[in-house]
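Below is one structure, written out as structure tokens; the observations come after it.
Values in this text are rule-based calculations from the coordinates and carry no lab data. It should be emphasised that the depicted structure is a prediction, and the values quoted were computed from it without experimental measurement. Note that we place each Cβ from the backbone using ideal geometry, even for glycine, and neighbour counts take in every protein chain shown.
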Amino acid sequence: MQRVGLGPCLGPSITHGSSMSSPALYLIAAAALACSAWVHAEPLPVHLRDTGLGEARNLAFSPQYPLWSDGAHKRRWIYLPPGTAIDASRADAWQFPPGTRLWKEFSLDDGPVETRFIERLTDGTWRYAAYVWNEEGTDATLAPTDGIAALANRDGYSIPSESDCRACHESAAVPVLGFSALQLSSDRDPLAPHADSGTHIDLDELVARGLIRNLPLNATRPRIDASSPIERAALGYLHGNCGHCHNDTETRVPVDLMLAQSVARDPTHSHRVVHSLIAVGDRFLARVSSRNPQRQMPPLGTRLIDTEALALLERWISEKSSKAEELQP
């Protein structure tokens, strides 16, 4: 029997609608939802190679709006057990079968540094792990659950703790981030910052192969409803980098700021996202352009400002702010 789930239930209560304050607010709210649970599961393998990475059945994928990770190059794979499929009847909250596994590899110029791993267990819960590559790039071993503050000879690269993983993944409608109808749409956004130009499996192929079932007709080729290509790219970036915390689920952070896109709702949903953001535009940009740990957004996983995305957001918010009449739903 293995403990899956980290840390104690946290005590501070936070009222929905709180004003934007220290990023610690976000972490407290998210981690408070990740109370410890005891489930029957095999211990996590010590070596990454024993998690199943490299099996022929694994599928490479690339979200069209990737998470900024200080310029690291990333590769991603998913494994679905034979004979299973993802239930997509809830277009914004796919249900993944037990046994689902996902990997995300982070590489710097000198090779792979870290591979993150999540797996759905037989009782429906998820477990999270990180594996650290040796300098030769020949083997990756399990990191401690409390993470690593800074890797030697890796320019301060840090490995997240399991509670860090849960803080982001478990604030969303489903813990799998980056593998969704919008992210895998074949109608990809050509202006999306940092998008991978490689050819990987997309939504159309997943449906054709029977790996996704019950997908609503209005979610077969989703795209963000936007007034311009710049707005589409800006909203997509915010969805991929902020929407897992800033959404309308019960596990969202307690701040009145909606940044998650929806493929299941009417097109006016995007207009409501725009209105939500422009109302706090200057304060939001101040956080995106900061890497002060007490102010920065996102609060985790980045030490470097995403200058390309910041320029995109500044241009878009400036344009929208000068045309306030366009913000009405």
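Restricting the stretch 49-80 to residues that are in contact (Cβ under 8 Å) with a residue 12 or more places away in the chain, in a loop (DSSP other than H, G, I, E, B) and small (Gly, Ala, Ser), the residue that is farthest from residue 243 (Cα to Cα) is 52.
In summary, residue 174 fulfils each of the numbered conditions (1) within 19 Å of residue 100 (Cβ to Cβ); (2) free of Cβ contacts under 8 Å to residues at least 60 places away in the same chain; (3) surrounded by 16 or more Cβ atoms within 10 Å (Cβ to Cβ) with the single exception of condition (2).
Could you list all residues from the stretch 57-114 that are within 22 Å of residue 127 (Cβ to Cβ), of a type in the set (A, V, I, L, M, F, W, C) and buried (at least 19 other Cβ atoms within 10 Å of the Cβ)? Hits for the stretch 57-114 are 61, 67, 77, 78, 80, 86, 94, 96, 102, 103, 106, 113. Selection of the stretch 122-142 for residues being touching a residue at least 40 places away in the same chain (Cβ under 8 Å) and touching a Lys or Arg at 6+ places or on another chain (Cβ under 6 Å) yields only 126. The number of residues in the stretch 226-252 that are of a type in the set (D, E, K, R) and surrounded by fewer than 17 Cβ atoms within 10 Å (Cβ to Cβ) comes to 2.
Checking 141, 115 one by one, the residue that is more than 20 Å from residue 303 (Cα to Cα) and assigned to a strand (DSSP E or B) is 141 and no other.
Here's the yes/no breakdown for (1) in a helix (DSSP H, G or I); (2) among the acidic types (Asp, Glu); (3) surrounded by 16 or more Cβ atoms within 10 Å (Cβ to Cβ):
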position: 262; (1), (2), (3): no, no, yes
position: 270; (1), (2), (3): yes, no, yes
position: 277; (1), (2), (3): yes, no, yes
position: 282; (1), (2), (3): yes, yes, no
position: 286; (1), (2), (3): yes, no, no
position: 292; (1), (2), (3): no, no, no
position: 296; (1), (2), (3): no, no, yes
position: 299; (1), (2), (3): no, no, yes
position: 303; (1), (2), (3): no, no, no
